[in-house]
1. What about Ala95, is it surrounded by 15 or more Cβ atoms within 10 Å (Cβ to Cβ), touching a Pro at 6+ places or on another chain (Cβ under 6 Å) and farther than 15 Å from Thr19 by Cα?
2. Given the condition within 15 Å of the ligand (Cβ to nearest atom), in a helix (DSSP H, G or I) and hydroxyl-bearing (Ser, Thr, Tyr), answer yes or no: does some residue in the stretch 116-129 qualify?
3. From the list Ala26, Ala42, which one is without any contact (Cβ under 8 Å) to a residue 40 or more places away in the chain, closer than 16 Å to Tyr97 by Cα, more than 16 Å from the ligand (Cβ to nearest atom) and among the aliphatic types (A, V, I, L, M)?
4. Mind listing whichever residues of the stretch 63-91 are among the polar types (S, T, N, Q) and either in contact (Cβ under 8 Å) with a residue 60 or more places away in the chain or closer than 30 Å to Val37 by Cβ (or both)?
5. From the list Ser60, Ser94, pick out the single residue that is of a type in the set (Gly, Ala, Ser), in a helix (DSSP H, G or I), touching a residue at least 40 places away in the same chain (Cβ under 8 Å) and within 20 Å of Met129 (Cα to Cα).
Amino acid sequence: MLKIIHPIAGIIGFLTILTFWTSTVASELFGSLETVVAVKRAIPWGLLILVPALAIAGASGFKLAGASSDPRVIGKKRRMPFIAGNGLFILIPSALYLAALASRGELGPLFYGVQAIELIAGAVNLSLMSLNIRDGFRLTGRLSDLRRQAATD
Ligand code: HEM
């Protein structure tokens, strides 16, 4: 069961942050002021998916890992506190603060400063999580299977 729940939770977490990130950048670049405000007000609801997904991915990952000394498992373990800390101390507070500023129509330098920090922290988490996905697929042999298949195609 854990073997099924773990990758699903991890990939949902990854896709949630990817959606926050791309909808933020797309609305800032191409959207109206109303769209920017709507995106910022929607993101805190997405936290209701992100937070449990990350907690489940982390807890199930540590259970699956047990006492393994495989370097890919050690790498995943080492990245997890950064992923969780980035989420708890940067992504969640900035999402809530940006939603409050956007709701009051305060889209000045403070808004864009916090927005820049949120985008950087989001990009850091996306890269750490993609490394965890890559190492996960290597652990279960799926990545090497795909490579072998590509080589014979
Ligand atoms: C957000 C963070 C994480 C993501 C996105 C993630 C993602 C994945 C994915 C996609 C797989 C492949 C599953 C499969 O092919 O069936 C996997 C496997 C695995 N992950 Fe993670 N993982 C995360 C965190 C962790 C942590 C913190 C650990 C603890 C060391 C961990 C340990 C494992 C282990 C041991 C496997 C192999 C499980 C098996 O044998 O079926 N993961 N992970």
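Just so it is clear, none of the values below were taken in a lab; they were calculated from the coordinates. Please read these numbers as outputs of a predicted model, since none were measured by experiment. Using ideal geometry, Cβ is built from the backbone for each residue, glycine included, and neighbour counts are taken over all protein chains shown.
1. no
2. Yes; the residues of the stretch 116-129 include at least one that is within 15 Å of the ligand (Cβ to nearest atom), in a helix (DSSP H, G or I) and hydroxyl-bearing (Ser, Thr, Tyr).
3. Of Ala26, Ala42, the one residue that is without any contact (Cβ under 8 Å) to a residue 40 or more places away in the chain, closer than 16 Å to Tyr97 by Cα, more than 16 Å from the ligand (Cβ to nearest atom) and among the aliphatic types (A, V, I, L, M) is Ala42.
4. Asn86
5. Ser60
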